[in-house]
Every structure is written in structure tokens, then in C-alpha cells.
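Right, one structure below, let's go through it.
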Amino acid sequence: MDDSDSLLEALRSLEVEALTAVRHASDAATLEALRVRYLGRKDGRISAILRSLGSLPPQERPRVGSEANRVRDAVEAAWRERKSLLDRAASAGREELDLSLPGREAWRGAKHPVLQVVDEIWEIFRSLGFTRARGPEVESEWYNFVALNTPLDHPVVDEADTFYLKGGYLLRTHTSPVQVRVLEKYPPPVRIIAPGMVYRRDTPDPTHTPAFMQLEGLVVDEGISFVDFKATLAEFARRFWGPETRVRFRPSFFPFTEPSAEVDVKRVVTKADGSVEETPWLEIMGAGMVDPAVLENVGIDPERYTGFAFGMGPARIAALKFGIKDIRVFFDNDVRLLGQLALP
Ligand code: PHE
């Protein structure tokens, strides 16, 4: 280490030492003694360092010199701040401002648990080559239903009958319309993840809220097969829940995928006593191979391109992860929840 490095290091520890002492000075006499010790022109410690600059090679001097000036300014500023606080305390009378009282701890915010899970899921898909996409929460019937191969007289439209606005617009009931918006704009290959809020006329209960987060995934390219579909989602589940996680695809129905599946996972958990146990099967998403009709609706040749899509509910996944029994707490707006579920 050369001389300028050791001077810079001395300056840094001097800065910490001086700022700590100044900020804790409890009376005017102590504060004055600190001024002499650190900032004094003749015997002050910062002045001493500035004086020793002469012994450095000329090209090193500006670097150390400007750092010394910065430290002096910082200590001076802290000193003035403390001085005015102590002066005010003195004139107000000690009873009114008791400097020995502990400070109030600032409230520290934290990322919402559902968004923590969205970020975790996103990281996994990002590493698999996906990009992030988003779409509007106010949608037209075309994007929410029709383009997704769901004619407006289809029974699922009744189930999704939801918050309508003027002019055939509605609050989207799922994030699947983002599939259509992305495919309209970007030619394949497409690999996207689209998180966002969706709205349904659901009565709130421990596993339903009328507004909730969904996370849509879509892959469209040449030669995408059912094998890619299963392998991608199984890989996701193993990375998210651990390598022993098992994945099951149950036949299902969605108008915009064919074939369609519900994807379940069975996790291996280690209990408090160290024993290892498998959980029951748990449904985590709806998914399937993109229906050729959807590709045709956006002008993509289904003979050439195929793909898969999936949609999951991160609130349920977060509830599972954090051991929450009632997902309504995610919307109650009680900030104590965020404090408890903050990541370390
Ligand atoms: N949009 C479906 C839902 O909300 C989920 C889904 C997404 C199914 C993509 C298949 C493909 O239930």
C-alpha cells in the first residue's frame, strides 16, 4: 500500500469517527472540544492530513486533497447541524426536548408478498429465455374473449360476467388477452411472461378475491410440441419448489388451448421434526397448447407455428409459500403483514 492509499484510509476512518462523535455530543462544551480536535486549523486532525500532502508525489496530491476537503465539509456540516440542535434545546429548556430519548425507528417498507412471488417466478422464466410483457386492465370483449376463441354466447362468458364499462369494455377477467396483444405485434418466436391484475365477480372467501394477480406465459415458435410444454412447466416447478417436486397434467378445457390441462404439483417438505413428507397434489395453473384458431385470429399460420400457454395465480402460490390460510389478507391493507413477510 502506498502513502496516498494509507492517507485515504486514515481519512475514511477519521470521517466515521468524527461524524459519530459529533452526532452524539450532548452539550456545547463537548461539541466545542470536537471542533478543535477535528476541524481546528492548527492542531486539528484534518488539517494535519492536509499538511502532510506535501510529502506525497505531486500527481497524488489532488486525489487525497479533494478527499480531505470532502471529509472536512461533511464534518463541518454535521457539526453545524448538531450545534443548532443543541442551541435550540438550550433555549427551549431541557424538559421540552430531551436528547437522551431514543429516536423513533423509521418504518421500513417491504415488497408485497404476492409481488415477491411474481419476481421469483419471473427470475426462473427469464433464465429460460422469456421476456416480460404486459397489457391493459381495461380490455375489449375482442381481446378478453373473442380473439381467444371464446364467442360471446359461450357459457364461460357468463361465468366471467364481470365489471363492464361503457362501450363493450370490461375489466379483464384473465391475463390471456396479453397473448393476443403480443402475437398481434411481434412475429414468432415469442416467449413472454405477463403478470397483472385481473377482475372477476367472485365473492371473497379464503381462496378467492374479486381482484387478483395472474401470471400469463406464452411460447409460440416453429416446432413447439407437447414435450416442450411439459418440460418447461416441470422445470419451472422443480426450480421453484425443489428438485423432488412432482408435476401432473390433468385434462381440462379452455377455449383458447387444445389440448388443455390443469397443472398440479406435489411437493416434498421437511417437517419440524426432520421427517420428510409429500404434500397432497395442489393445482397451480391452467395451461395448454395454443389453439390454432387463436393463431389464425392474429394472422399467424398454425401449420407452421405451434405453442403453449399457461396462467397461474401468484397469490395462491404466495399463500402456500408463506403458510397463509386466507388470501384476503393480501388485500386488507394491514401493513403489519408486509413487515412479517419481508424477505431477510
Ligand atoms: N386464462 C385461464 C384462466 O384464467 C388460464 C389459462 C391461461 C389457461 C393460459 C390456459 C392457457 O383460468
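The values are calculated or read from the model by the stated rules, or taken from the named source; none is laboratory data. Computed from a predicted structure; not experimentally measured. We place every Cβ from the backbone using ideal geometry, glycine too, and count neighbours over all the protein chains shown. Accessible surface is based on the protein model in full, side chains and every heavy atom, while ligands, DNA and RNA are left aside. Shrake-Rupley method; radii C 1.70, N 1.55, O 1.52, S 1.80 Å.
Failed condition for ASP153, given (1) within 14 Å of the ligand (Cβ to nearest atom); (2) of a type in the set (Asp, Glu); (3) free of Cβ contacts under 8 Å to residues at least 24 places away in the same chain, with all others met?
(1)
For residues that are out of contact with any Ser or Thr (no Cβ under 8 Å at 6 or more places or on another chain) and more than 14 Å from GLY217 (Cα to Cα), tally how many sit in the stretch 157-187. I'd like the intermediate steps shown before the answer.
So the first thing to find is which residues in the stretch 157-187 are out of contact with any Ser or Thr (no Cβ under 8 Å at 6 or more places or on another chain), and the list is 158-159, 161, 163-167, 172, 174-187.
Still in the list and also more than 14 Å from GLY217 (Cα to Cα): 158-159, 161, 163-167, 172, 184-187.
Result for the stretch 157-187: 13.
May I ask you to list the residues in the stretch 238-253 that are open to solvent by less than 50 Å² (accessible area, probe 1.4 Å) and either away from the ligand (no atom under 16 Å from the Cβ) or farther than 12 Å from MET285 by Cα (or both)?
Filtering the stretch 238-253 for residues open to solvent by less than 50 Å² (accessible area, probe 1.4 Å) gives 240-242, 245, 247, 249, 252.
Answer for the stretch 238-253, where residues must be open to solvent by less than 50 Å² (accessible area, probe 1.4 Å) and either away from the ligand (no atom under 16 Å from the Cβ) or farther than 12 Å from MET285 by Cα (or both): PHE240, TRP241, GLY242, THR245.
Each row is one residue, and each column tells you yes or no for (1) polar (S, T, N, Q); (2) open to solvent by less than 40 Å² (accessible area, probe 1.4 Å).
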site: SER26; (1), (2): yes, no
site: ALA33; (1), (2): no, no
site: VAL36; (1), (2): no, no
site: SER66; (1), (2): yes, no
site: ASN69; (1), (2): yes, no
site: ASP73; (1), (2): no, no
site: GLN116; (1), (2): yes, yes
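If you check LEU183 against the conditions, is it in the same structural domain as MET312 (by TED's automatic domain parsing), outside any helix (DSSP H, G or I) and open to solvent by less than 10 Å² (accessible area, probe 1.4 Å)? If you could, list the steps in order and put the result at the bottom.
Working: in the same structural domain as MET312 (by TED's automatic domain parsing): yes; outside any helix (DSSP H, G or I): no; open to solvent by less than 10 Å² (accessible area, probe 1.4 Å): yes.
Considered against the rule, which asks whether it is in the same structural domain as MET312 (by TED's automatic domain parsing), outside any helix (DSSP H, G or I) and open to solvent by less than 10 Å² (accessible area, probe 1.4 Å), LEU183 comes out as no.
Look through LEU85, LEU50, LEU11, LEU7 and report the one residue that is of a type in the set (A, V, I, L, M, F, W, C), in a helix (DSSP H, G or I), open to solvent by less than 80 Å² (accessible area, probe 1.4 Å) and within 30 Å of LEU101 (Cβ to Cβ). Break it down into steps so the answer makes sense when it comes.
Numbers: LEU50 fails: within 30 Å of LEU101 (Cβ to Cβ); LEU11 fails: within 30 Å of LEU101 (Cβ to Cβ); LEU7 fails: within 30 Å of LEU101 (Cβ to Cβ).
One residue alone meets the criteria, LEU85.
Report, by residue number, each residue of the stretch 297-326 that is within 16 Å of the ligand (Cβ to nearest atom), crowded, with 21+ Cβ neighbours inside 10 Å and aliphatic (A, V, I, L, M).
The answer is ALA309, MET312, ALA315, ILE317.
How about the stretch 254-275: which of its residues are open to solvent by less than 30 Å² (accessible area, probe 1.4 Å), β-branched (Val, Ile, Thr) and under 29 Å from the mean Cα position of the chain (by Cα)?
Result: VAL263, VAL265.
How about the stretch 46-75: which of its residues are of a type in the set (Lys, Arg) and closer than 15 Å to LEU19 by Cα?
Passing the criteria: ARG70, ARG72.
Scan the stretch 284-297 and tell me whether some residue there is more than 20 Å from VAL227 (Cα to Cα), assigned by TED's automatic domain parsing to the domain that holds PRO259 and either in a loop (DSSP other than H, G, I, E, B) or touching a Lys or Arg at 6+ places or on another chain (Cβ under 8 Å) (or both). Steps first, answer last, please.
We begin by selecting, within the stretch 284-297, every residue more than 20 Å from VAL227 (Cα to Cα); these are 293-294, 296-297.
From the residues that got through so far, the ones that are assigned by TED's automatic domain parsing to the domain that holds PRO259 too are 293-294, 296-297.
If we keep only those that are either in a loop (DSSP other than H, G, I, E, B) or touching a Lys or Arg at 6+ places or on another chain (Cβ under 8 Å) (or both) too, we end up with none.
No.
Taking the stretch 164-180 on its own, how many of its residues are among the hydroxyl-bearing types (Ser, Thr, Tyr) and buried (at least 20 other Cβ atoms within 10 Å of the Cβ)?
We begin by selecting, within the stretch 164-180, every residue among the hydroxyl-bearing types (Ser, Thr, Tyr); these are 164, 169, 173, 175-176.
Restricting the remaining residues to those that are buried (at least 20 other Cβ atoms within 10 Å of the Cβ) gives 173, 175-176.
Matching residues across the stretch 164-180 total 3.
Of all residues in the stretch 216-231 being closer than 16 Å to ASP264 by Cα and in contact with a strand residue (DSSP E or B) (Cβ under 7 Å, 6 or more places away or on another chain), which is most open to solvent (accessible area, probe 1.4 Å)? Spell out the reasoning first.
From the stretch 216-231, those closer than 16 Å to ASP264 by Cα are 229-231; that's our starting set.
Subset that is in contact with a strand residue (DSSP E or B) (Cβ under 7 Å, 6 or more places away or on another chain): 229-230.
Details: PHE229: 0, LYS230: 91 Å².
The extreme case among them is LYS230.
Would you mention how many residues in the stretch 183-197 are more than 23 Å from the chain's Cα centre (by Cα) and either among the hydrophobic types (A, V, I, L, M, F, W, C) or within 16 Å of the ligand (Cβ to nearest atom) (or both)? Talk me through it step by step, then tell me what you get.
Pass one, the stretch 183-197, residues more than 23 Å from the chain's Cα centre (by Cα): 183-190.
With either among the hydrophobic types (A, V, I, L, M, F, W, C) or within 16 Å of the ligand (Cβ to nearest atom) (or both) added as a condition, the list becomes 183, 190.
Looking only at that region, the number is 2.
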